[in-house]
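Rule-based calculations on the coordinates, nothing more; no lab input. Note that the structure is predicted; figures quoted are calculated from it, not measured.
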Amino acid sequence: MADGTVFLDVGYRLVAAALSVSCGRRLWYGVLERKIRTINSDFLDWSRWSRQIFHRDSAPIRYWITIATTAFGMVACIVAAIIGWQPGS
């Protein structure tokens, strides 16, 4: 491994670990408070950065979909932090 790729791998693992912790905290507080906030990912709506809050009692389907995608993101970041970035191997 060249020296540049070692730094990229360490940086990749640190960013993945930080994102994993962030998703985990968001997931934990979403389950604890029975509401979760999401950012609208619509390309045309990026100028406003509209945020939506889904409550477990009033919008259960959207709430659980957001919880599931946040959990998937957390697990994916944990796997990325463990495996690391391996270009060309």
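Here the Karplus curve 6.51 cos²θ - 1.76 cosθ + 1.60, taken at θ = phi - 60°, turns the phi angles of segment 57-71 into couplings of 7, 8, 9, x, 5, 5, 4, 6, 5, 5, 4, 5, 5, 5, 5 Hz, with x standing for Gly and Pro. Residues in segment 16-29 carry Karplus couplings, in order, of 5, 5, 5, 5, 5, 5, 4, 5, x, 5, 4, 5, 4, 5 Hz; the curve used is 6.51 cos²θ - 1.76 cosθ + 1.60 with θ = phi - 60°, and Gly or Pro positions show x.
Measuring between their Cα centroids, segment 1-34 and segment 49-81 lie 16 Å from each other.
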